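Single-structure report; data block below.
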Amino acid sequence: PSAAGDTDGEWFELHNTTGADLDVGGCTLADLADDSHVIDGPLVVPALGYLTLGISASTSINGGVPVDYEYAGINLRNSDSDQLVLTCTGEVDRVEWTLPGWPGDAGVAMSFDVTFAPDNDDPANWCDASTQMANDDWGTPGEPNDACGGGTGTVELDDVVFTEIMQNPAAVLDDDGEW
């Protein structure tokens, strides 16, 4: 973050991709340095919704980010590599990033393009957030991410279809007017 110090303003977001509310209370968050935090009490990620977890829930300290849950004991690295792991009855998700190579300049959140779910380990599926927050940092905590417009998926059968063809134009010669 730029709007707050690192130790006060780091946050990340969980997205529930299912149609049912999910309780992550009792689950464990961990990082590459084997630091961890057990989520205290019930903490529900609403169906198809978002939950923002931050190192500080105080908007006067964290740069104005609305945080649903305050965690402790995990620091997100700004250089070399890091990871976040969510473990409940088993590992639920893991994302590992290496800097440089991933988006996320100072004050700009790394945003995952959910159209590539669940492949959140490929930096091509992430981009810099493009929505400026009230604190002048960039991100969409608790809301859908900005579309990346980057990354490429594998084209599968029926993903792309021909929808219109002009094979015999009348207004111009075939060689000039086909499309």
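What to note about this one:
- The condition of being open to solvent by less than 30 Å² (accessible area, probe 1.4 Å), acidic (Asp, Glu) and either more than 13 Å from His15 (Cα to Cα) or touching a helix residue (DSSP H, G or I) at 6+ places or on another chain (Cβ under 8 Å) (or both) holds for Asp31.
- Search result, residues across region 1-27 that are among the β-branched types (Val, Ile, Thr) and more than 30 Å from Ala106 (Cβ to Cβ): Thr18
- Residue in region 113-128 that is modelled with the highest pLDDT, counting only those that are in contact with a helix residue (DSSP H, G or I) (Cβ under 6 Å, 6 or more places away or on another chain) and buried (at least 18 other Cβ atoms within 10 Å of the Cβ): Asn125
- Flag set for Ala4, criterion: of a type in the set (A, V, I, L, M), in a loop (DSSP other than H, G, I, E, B) and surrounded by 13 or more Cβ atoms within 10 Å (Cβ to Cβ).
- Some residue of region 12-26 being under 24 Å from Asp136 (Cα atoms), aromatic (Phe, Trp, Tyr), touching a strand residue (DSSP E or B) at 6+ places or on another chain (Cβ under 8 Å) and open to solvent by 30 Å² or more (accessible area, probe 1.4 Å): no
- Conditions (1) in a loop (DSSP other than H, G, I, E, B); (2) surrounded by fewer than 19 Cβ atoms within 10 Å (Cβ to Cβ); (3) out of contact with any His (no Cβ under 6 Å at 6 or more places or on another chain); (4) not hydroxyl-bearing (Ser, Thr, Tyr): number failed by Val65: (2)
- Ala47 passes every criterion in (1) modelled with pLDDT of 90 or more; (2) open to solvent by 60 Å² or more (accessible area, probe 1.4 Å); (3) not β-branched (Val, Ile, Thr) apart from (2).
- Among the residues examined, Gly41 qualifies as more than 23 Å from Glu143 (Cβ to Cβ) and in a loop (DSSP other than H, G, I, E, B).
- Residue satisfying all of: in region 132-147; over 11 Å from the mean Cα position of the chain (by Cα) and exposed (fewer than 15 other Cβ atoms within 10 Å of the Cβ); modelled with the highest pLDDT among these: Gln132
- Test for Pro100: is it surrounded by fewer than 14 Cβ atoms within 10 Å (Cβ to Cβ), under 18 Å from the mean Cα position of the chain (by Cα) and in a loop (DSSP other than H, G, I, E, B): yes
- Check on Asn125, without any contact (Cβ under 8 Å) to a residue 40 or more places away in the chain and over 20 Å from Asp31 (Cα atoms): yes
- The number of residues in region 69-103 being at pLDDT 85 or above and touching a Pro at 6+ places or on another chain (Cβ under 9 Å) comes to 1.
- Looking only at region 82-97, and only at residues there that are open to solvent by 30 Å² or more (accessible area, probe 1.4 Å) and among the charged types (D, E, K, R), the one that is nearest to Ala33 (Cα to Cα): Glu96
The values are calculated or read from the model by the stated rules, or taken from the named source; none is laboratory data. Note that this is a predicted model, so its numbers are computed, not measured. Using ideal geometry, Cβ is built from the backbone for each residue, glycine included, and neighbour counts are taken over all protein chains shown. Surface accessibility is based on the protein's heavy atoms, side chains included, excluding ligands, DNA and RNA. Shrake-Rupley method; radii C 1.70, N 1.55, O 1.52, S 1.80 Å.
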